Amino acid sequence: MDTPRDVYKVTPDKPGSDVAGETAAALAAASLVFRTCDPAYSAKLLQTAQKVFDFADRFRGSYSDSLGSVACPFYCSYSGYHDELLWAAAWLHMATAATSQAGNSSDVYLSYIYSNGHNLGAEQDDFTFSWDDKRVGTKVLLSKAFLQGIGKGKSDDALRLYKAHADTYVCSLVPGAAGFQQSQFTPGGLLFQEGDSNMQYVTSTAFLLLAYANSLASAGGGVQVSCGGGVVPASALVAVAKRQVDYILGANPARMSYMVGFGARYPRHVHHRGASMPSVRDHPARIACDEGFRYLHSADPDANVLVGAVVGGPDGSDAFTDSRDNFAQTEPSTYTNAPLVGALAFFAAGRHR
């Protein structure tokens, strides 16, 4: 029998505005997905998102302070909870504006953004989008709201600030953008921001670039990214994102796919129990928790191919060591894979042509 796991919760006395804000944002985004095919479920998701957001905003505090003994040091809320509140409000605005609840409900979240944006990080430039820090993602999302207004001939100048910050983020990524410090890339062309699990930043950046390019294109009228004294077209954002996706899938100096199971050469020693430990079919006897370490430290290839998992990826020199002990490079994660799904869907649909 597996070892039971503890379950924790946030309460008014032990708040967690960051996790509650993330939950509200996810529910609001999901309500958009089901809006047409299952309106009743969509409405339930949105109503729940509104309740969770109200809880997050009313009882402010970080889960790291409430649950630090179990969340830290690996998953502390290093960025605090302000970014999650703004992230949730932005998604709730998008969701309510797209439903029959638009009008007063939509104005509530826009008003919240107008009133609280300054204190929640709206005027801060940031260059990393991750499971912990949502600021750049919020800028891109609210830029979409601004650009949708342009496309309808009724732009909201109060949201123009978010496009300006989104432009700053994009300009740091596009080679040759006028007047901007460029992000760091490996010799082989991979965006490099962190030594541990760098690929999470690559996939999230590619997704944001494509989402922003899509919003720019939908606005029409030749709307572009402003970089210093010049402009960058949406096609340049798509090109940068495609280069990152191609690198992940094998167009790199090592000619290795960093997506497990894709291509002829990919990581065979993934830092993942399900990959390295034998299946029940091959090993019917119980394997105790601590016994798993012998599979972790084994030099044998994975017993199971974790098809589709994207690992942490190479270092700043494009070097990669395929070892389970090298968790910084061989560990997969949901927050690495999730953004890549969106990027792959974009290219699979032929949006780059």
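The values are calculated or read from the model by the stated rules, or taken from the named source; none is laboratory data. Keep in mind it's a predicted model, so treat the numbers as computed, not measured. Here the Cβ is made from the backbone with ideal geometry for all residues, glycine too, and neighbour counts use every protein chain on show.
Here is a yes/no grid of residues against (1) part of a loop (DSSP other than H, G, I, E, B); (2) touching a helix residue (DSSP H, G or I) at 6+ places or on another chain (Cβ under 7 Å); (3) over 30 Å from residue 126 (Cα atoms):
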| residue | (1), (2), (3) |
| --- | --- |
| 7 | yes, no, yes |
| 22 | no, yes, no |
| 51 | no, no, no |
| 54 | no, no, no |
| 76 | yes, yes, no |
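I'd like to know if the range 242-255 contains one or more residues that are surrounded by 12 or more Cβ atoms within 10 Å (Cβ to Cβ), of a type in the set (Val, Ile, Thr) and part of a loop (DSSP other than H, G, I, E, B).
no
Anything in the range 194-221 that is more than 17 Å from residue 168 (Cα to Cα), modelled with pLDDT under 95 and crowded, with 20+ Cβ neighbours inside 10 Å? List them, or say none.
Residues satisfying the conditions are 197, 219.
State whether one or more residues within the range 276-285 are part of a loop (DSSP other than H, G, I, E, B) and closer than 18 Å to residue 199 by Cα.
No: the range 276-285 contains no residue that is part of a loop (DSSP other than H, G, I, E, B) and closer than 18 Å to residue 199 by Cα.
Run residue 155 past the list (1) modelled with pLDDT under 85; (2) closer than 22 Å to residue 42 by Cβ; (3) polar (S, T, N, Q); (4) in contact with a helix residue (DSSP H, G or I) (Cβ under 6 Å, 6 or more places away or on another chain) and report the number of the one that doesn't hold.
Single failed check for residue 155: (2).
Yes/no per residue for (1) over 29 Å from residue 258 (Cα atoms); (2) touching a Leu at 6+ places or on another chain (Cβ under 8 Å):
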{"site": "145", "(1), (2)": "yes, yes"}
{"site": "167", "(1), (2)": "yes, no"}
{"site": "174", "(1), (2)": "no, yes"}
{"site": "190", "(1), (2)": "no, no"}
{"site": "206", "(1), (2)": "no, yes"}
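Given the criteria closer than 30 Å to residue 320 by Cβ and touching a Ser or Thr at 6+ places or on another chain (Cβ under 6 Å), does residue 172 qualify?
Answer is yes for this residue.
How many residues are free of Cβ contacts under 8 Å to residues at least 24 places away in the same chain and surrounded by 23 or more Cβ atoms within 10 Å (Cβ to Cβ) when one looks only at the range 109-141?
Total meeting the criteria: 0.
Among the residues of the range 327-334, are any loosely packed, with under 15 Cβ neighbours inside 10 Å, in a helix (DSSP H, G or I) and touching a residue at least 60 places away in the same chain (Cβ under 8 Å)?
There is no residue in the range 327-334 that is loosely packed, with under 15 Cβ neighbours inside 10 Å, in a helix (DSSP H, G or I) and touching a residue at least 60 places away in the same chain (Cβ under 8 Å).
So which residues in the range 293-324 are assigned to a loop (DSSP other than H, G, I, E, B), among the β-branched types (Val, Ile, Thr) and closer than 20 Å to residue 340 by Cα, if there are any at all?
Of everything in the range 293-324, those that are assigned to a loop (DSSP other than H, G, I, E, B), among the β-branched types (Val, Ile, Thr) and closer than 20 Å to residue 340 by Cα turn out to be 305, 307, 311.
Consider residue 201 carefully, then state whether it is of a type in the set (Ser, Thr, Tyr), within 27 Å of residue 350 (Cα to Cα), within 17 Å of the chain's Cα centre (by Cα) and part of a helix (DSSP H, G or I).
yes
Residue by residue, here is whether (1) hydroxyl-bearing (Ser, Thr, Tyr); (2) modelled with pLDDT of 95 or more; (3) more than 19 Å from residue 200 (Cβ to Cβ) holds:
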| position | (1), (2), (3) |
| --- | --- |
| 251 | no, yes, yes |
| 263 | no, yes, yes |
| 281 | no, no, yes |
| 295 | yes, no, yes |
| 336 | yes, yes, no |
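Taking the condition of a type in the set (Ser, Thr, Tyr) and surrounded by fewer than 21 Cβ atoms within 10 Å (Cβ to Cβ), does residue 235 pass?
yes
Surrounded by 14 or more Cβ atoms within 10 Å (Cβ to Cβ) and among the small types (Gly, Ala, Ser): is that true of residue 288 in this structure?
no
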